[in-house]
Amino acid sequence: DLVRSRGLGDVYKRQEQGNLEGPEIESLLHQYIDPMILQGADTLVLGCTHYPFLYATIKKIYGDQLQLIDTSQAIVRQLCRLIDTSASTESRKVDLYSTQNGQGLLNLAKKLLGQSFLQGAQAHTVDI
């Protein structure tokens, strides 16, 4: 058994522009994933927070040829452990921070996570 680590290059940039499916994303996925399959890969770990949003597209392209491991569920479970569940939901507030475009991040988050989850959320652009 061999484990290799490889990112999916510019795919995340397209996702941050709101492009989660279609010919452009599929072409990029082929560009990065096909060589891994040719080298014998049979499992792909969706380790970056961007990649689980591509699960359906990757499954559509590769079907049962590639087993997908989605780490987002584990991340959400850990986040829930860290949130103080005794606080009322009215007192909770979501703030999103980005080094590039806070409002763009908020718009993308609303598209990916749903409007109701981010009701009253604020976006901030910060310098690090």
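The values are calculated or read from the model by the stated rules, or taken from the named source; none is laboratory data. Bear in mind that the values here come from a model prediction, so they are computed numbers and not experimental data. Positions of Cβ are backbone-derived with ideal geometry, glycine not excepted, and every protein chain shown enters the neighbour counts. The accessibility values were calculated without ligands, DNA or RNA, using every heavy atom of the protein model including side chains. Shrake-Rupley method; radii C 1.70, N 1.55, O 1.52, S 1.80 Å.
Kindly evaluate G63 against the criterion of being under 28 Å from N107 (Cα atoms) and not aliphatic (A, V, I, L, M).
Considered against the rule, which asks whether it is under 28 Å from N107 (Cα atoms) and not aliphatic (A, V, I, L, M), G63 comes out as no.
Looking at this structure, is L113 surrounded by 10 or more Cβ atoms within 10 Å (Cβ to Cβ), touching an Asp or Glu at 6+ places or on another chain (Cβ under 9 Å) and at pLDDT below 85?
Here the answer is no, as L113 does not meet what is asked.
Do the conditions hold for V3, that is, is it among the hydrophobic types (A, V, I, L, M, F, W, C), at negative phi and under 12 Å from the mean Cα position of the chain (by Cα)?
Spelling it out, it is not the case that V3 is among the hydrophobic types (A, V, I, L, M, F, W, C), at negative phi and under 12 Å from the mean Cα position of the chain (by Cα).
Inside region 1-86, counting only helices (runs of 4 or more DSSP H) that do not spill past its ends, which hold 2 or more residues that are modelled with pLDDT of 90 or more and open to solvent by less than 30 Å² (accessible area, probe 1.4 Å)?
It comes to 23-38, 55-62.
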